[in-house]
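No value in this document is a laboratory result; all are computed from the given coordinates. Please read these numbers as outputs of a predicted model, since none were measured by experiment. We place every Cβ from the backbone using ideal geometry, glycine too, and count neighbours over all the protein chains shown.
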Amino acid sequence: MTANDIRNIALLGHGGSGKTSLAEQMLFMTKGTDRLGKTVDGNTTCDYDAEEIKRQISISLAFAPVNYKGVKINVMDAPGNFDFSGEALSAIRAAECAVLVGAAKDGLSVGIERSWKMLGNKPRMIFVNRTEEANSNYAACLDAIKAKFGQAITPIVAPVIDGNHAVTAIVDLLHNKAYEVKGGKAVECPIPAAVADEVEGLRAELMENAAGADEELMEKFFETMELSAEDIAKGLKIGVRDGSICPVLCGSAVTGLGVEMLLQTILDLVPVATDMPAEAAQDDDGNAVEVALDPNGPTAAIVFKTISDQYGKYSMIKVVRGKVTSDMALYNTTTGNTEKLGRLYFMKGKKGEETKEICCGDIGAIGKMDRVRTGDTLCDPKSIVKLAGMDYPQPCYERAIAPKTKQEVEKVGTGLNKLNEEDPTFRVTNNAETHQVVISGTGDIQIDVLCAKLKSRFGVDTELSTPRVPYREKIRSKVEKHARFKKQTGGSGQFGDVVIVFEPRWSRRT
Ligand SMILES: Nc1nc2c(ncn2[C@@H]2O[C@H](COP(=O)(O)OP(=O)(O)OP(=O)(O)O)[C@@H](O)[C@H]2O)c(=O)[nH]1
Ligand SMILES: [Mg+2]
């Protein structure tokens, strides 16, 4: 396998927009699974953790390698909940392109807006999901997306919409193919007459957008006012790579409508890793260097995520240069340790399929790397580089945590330490002044999940409280102040009369 046979995509977007269901449908359609799991039934490939099943939301980034027409599409399913946005950042680090998933009836969701910002200048496309629902509204959703993100927004699909605003069939403008749902399944069909005119109009728009991405194509387009399907794809691919084009598709993760088109679009338009610009990195002395995505160069890989649960510890890597084989010893630039690699895997949900090699541009896992953490660079000891890690958000929410039985304080510490390997976005501090252990994280759901995992994995019951403020000075006696404010600015003027009293709340009477 080479980088050309691989596409890495991150599914991002608002909670509940259907990312996990979409990954599931992609796997199912390509025979990667033999039954279509549902989030509500707790049997999807990507939401396998007990907490995910219980809450019916994704919590951790999960991996679904989808084999389509000989290409491996590494689908990374990120949680939409903002408490877990660190997971989305990990996915963005490893992906060449994001698929922003929106629900048609939500219009422009905050999740899409946030993901759009988080992506910086990374390529992206939008999949408007849940379009088969009555009163979903693809047209209104597209309008809102266009109004927000402007010119880059390029629909590459023409939907057939029924009286309930639901999409019943779609036309893939790039490949001139149509799909409809029959017997609950998406199948190919002739282009519906109802949208024939619209297809022409949209194709003309598409040609213009594609031509705009490349000068040569622009000249061709001006001469003939026509571009071949191949030329349109070429222009779109250039535009996606440089960020001037964001293709929009639509469909349904439940019926599968639009999912085959999405797979084909990923094959055609998502850049392969080796086509991306060199990465900014540092050498051993901290000088800025560039690391080209070169399959023949010395090995360099970034650990962009750690899975550490009852099934074991897996350090997820993206191979940026060279390749990683199981017999290698790689230098960890972050810690200065040399690590003898053991088993390598390709992850699919909770299952790891063993491999001997992870090639340039691919994503895989190294098992049981005790001294390796998320954000570390593993590289050839003869060519040391430090790749850029993830810039996780600063914690903004704090809770004090304590075991229900005092003797279990240590268990809480070790448990949180272990959970921190998996989720590096929270911090634990032992406040010597208040004698409290404080978790600082992104939000209450994140901390609630941590407590649940402490219970299920480490068998310790905990309770949360508001962290105490370590007052370093205290009010010892009663003080009363009186002030008066007068200002004559014409008219009635301003007047204030304030009496303020400070006194200890629990005064120790002496
Ligand atoms: N009708 C309909 N329901 C959908 C579709 N896609 C997902 N759903 C439902 O929407 C709910 C949420 O779907 P998920 O796939 O878990 O959504 P998600 O984006 O992964 O959510 P988070 O992981 O919490 O960010 C589930 O009940 C799905 O069955 C769709 O295309 N049509
Ligand atoms: Mg999900």
Inset, instruction - Work out, in µm²/s and without decimals, the Stokes-Einstein translational diffusion coefficient of the stretch 279-387 at 25 °C, 0.890 mPa s, Rh from Kirkwood over C-alpha pairs. - result: 180 µm²/s
Inset, instruction - Mind putting a number on the dipole of the chain about its Cα centre? Charges go on the C-beta only, +1 for Lys and Arg and -1 for Asp and Glu, and I need it in Debye to the nearest 20. - result: 3040 debye
Inset, instruction - Could you point to the residue in 287, 361, 347 farthest towards the positive end of the stretch 279-387's charge dipole, with +1 and -1 charges on the Cβ of Lys/Arg and Asp/Glu respectively? - result: 347
Legend entry - Histogram of C-alpha separations across the chain, 20 Å bin width, %: 21, 47, 23, 9, 0
Inset, instruction - State the Cα centre-to-centre distance between the stretch 456-510 and the stretch 130-158 in whole Å. - result: 51 Å
Inset, instruction - Per DSSP H run of n ≥ 4, the term is -39500 (n - 2.57); total these for the chain, divide by its residue number, and report the mean residue ellipticity at 222 nm rounded to 500 deg cm²/dmol. - result: -8000 deg cm²/dmol
Inset, instruction - Sort out for me the Cα centre separation of the stretch 362-428 from the stretch 90-116, rounded to whole Å. - result: 25 Å
Legend entry - Dipole of the chain [Lys/Arg +1, Asp/Glu -1 at C-beta], most positive-end residue of 91, 121, 432: 432
Inset, instruction - Would you order 198, 433 from fewest to most other beta-carbon atoms within 10 Å of each residue's own beta-carbon? - result: 433, 198
Legend entry - Directionally averaged shadow of the stretch 20-79, computed from the convex hull of its alpha-carbon atoms, nm²: 3.5 nm²
Inset, instruction - Have a look at the stretch 1-130 and give its Rg and Dmax from the Cα atoms, expressed in angstrom. - result: 13.8, 40
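Largest first and in whole Å, what are the equivalent-ellipsoid semi-axes of the stretch 73-157 based on the Cα gyration tensor, each being the root of 5 times an eigenvalue?
Numbers: eigenvalues 94, 42, 30 Å².
Semi-axes (√(5λ), whole Å): 22, 15, 12.
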Inset, instruction - List, largest first, the extents of the alpha carbons of the stretch 158-201 along their principal axes, each in whole Å. - result: 29, 23, 14
Legend entry - Relative contact order of the stretch 110-262, defined on C-alpha pairs under 8 angstrom at six or more residues apart (%): 32 percent
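Assigning unit charges at the beta carbon (Lys, Arg +1; Asp, Glu -1) and nothing else, what dipole magnitude in debye, to the nearest 20, does the stretch 1-156 show about its Cα centre? Present the calculation step by step, with values, prior to reporting the outcome.
Details: 18 positive and 17 negative charges, 91 e Å.
Taking the Cα centre of the stretch 1-156 as origin, the dipole is about 440 debye.
Taking 27 Å as the cut-off for C-alpha to C-alpha distance, list the pairs among 318/418; 356/382; 318/382; 237/368 that go past it.
Details: 318/418 23 Å; 356/382 22 Å; 318/382 19 Å; 237/368 39 Å.
The pairs that break the limit, which is 27 Å between Cα atoms, are 237/368.
In the structure shown, do any of 313/340; 305/350; 72/386; 69/182; 72/117 have a Cα-Cα gap over 18 Å, and if so which? Before the final figure, lay out the partial values.
Numbers: 313/340 15 Å; 305/350 14 Å; 72/386 27 Å; 69/182 23 Å; 72/117 27 Å.
Going by Cα-Cα distance, 72/386; 69/182; 72/117 fall outside the 18 Å limit.
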Legend entry - Proximal charge balance of residue 401 [Cβ under 14 Å; K/R count +1, D/E count -1]: +1
Legend entry - On Cα atoms only, tilt of 229-242 relative to the major axis of the chain in degrees: 20 degrees
Legend entry - Volume of the Cα convex hull of the stretch 397-465, divided per residue and given in Å³: 77 Å³
Legend entry - On Cα atoms only, tilt of 259-269 relative to the major axis of the chain in degrees: 90 degrees
Inset, instruction - Could you state the angle between the C-alpha long axis of helix 215-224 and the longest principal axis of the C-alpha atoms of the chain, as a value from 0 to 90 degrees rounded to the nearest 10? - result: 40 degrees
Inset, instruction - Go from 0 up to the bin containing the longest alpha carbon distance in the stretch 338-406, width 5 Å each, and give me the % of pairs per bin. - result: 3, 11, 15, 19, 16, 10, 10, 9, 5, 2, 0
Legend entry - In Hz, Karplus ³J(HN,Hα) per residue of the stretch 316-326 (6.51, -1.76, 1.60; θ = phi - 60°; x = Gly, Pro): 7, 10, 10, 7, 8, 9, x, 9, 10, 10, 5
Legend entry - Estimated vicinal HN-Hα couplings, Hz - the stretch 405-421 in sequence order (Karplus 6.51, -1.76, 1.60; Gly, Pro = x): 10, 3, 5, 9, 3, 5, 4, 4, x, 5, x, 5, 4, 5, 5, 5, 5
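How do the peptides 498-504, 343-349, 394-400 rank, highest first, by the average count of neighbouring beta carbon atoms within 10 Å per residue?
Values: 498-504: 9.7, 343-349: 19.1, 394-400: 14.4.
Ranked by mean Cβ neighbours within 10 Å, highest first: 343-349, 394-400, 498-504.
Provide the packing ranking of 405-411, 119-125, 226-232, 418-424, i.e. peptides ordered by the mean count of other C-beta atoms within 10 Å per residue, highest first.
On the way: 405-411: 11.7, 119-125: 17.6, 226-232: 14.9, 418-424: 19.1.
Ranking, from highest mean packing down: 418-424, 119-125, 226-232, 405-411.
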Inset, instruction - Please state, rounded to one decimal and in Å, the Kirkwood hydrodynamic radius that the stretch 128-241 gives when every pair of distinct Cα atoms enters the mean of 1/r. - result: 15.2 Å
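Let me check I have the definition right: for the stretch 436-510, take the eigenvalues of the Cα gyration tensor, multiply each by 5, take square roots. What are those semi-axes in whole Å, largest first? Could you put the intermediate results ahead of the total?
Details: eigenvalues 458, 103, 13 Å².
With the √(5λ) rule applied to the stretch 436-510, the semi-axes are 48, 23, 8 Å.
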Legend entry - Mean separation of Cα contacts under 8 Å, 6 or more apart, over the residue count of the stretch 214-348: relative contact order %: 12 percent
Inset, instruction - Over 13 Å, how big is the tail of the calculated P(r) for the stretch 131-196, in percent of all Cα pairs? - result: 66 percent
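Summing Lys, Arg as +1 and Asp, Glu as -1, what charge do residues with Cβ under 14 Å from the Cβ of residue 106 carry, residue 106 excluded?
Working: positive: 19, 105, 114, 130, 148; negative: 113, 133, 143.
Summing Lys/Arg as +1 and Asp/Glu as -1 gives +2.
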Inset, instruction - Could you please report the charge total around residue 165, scoring K, R as +1 and D, E as -1 over all other residues with beta-carbon less than 12 angstrom from its beta-carbon? - result: -1
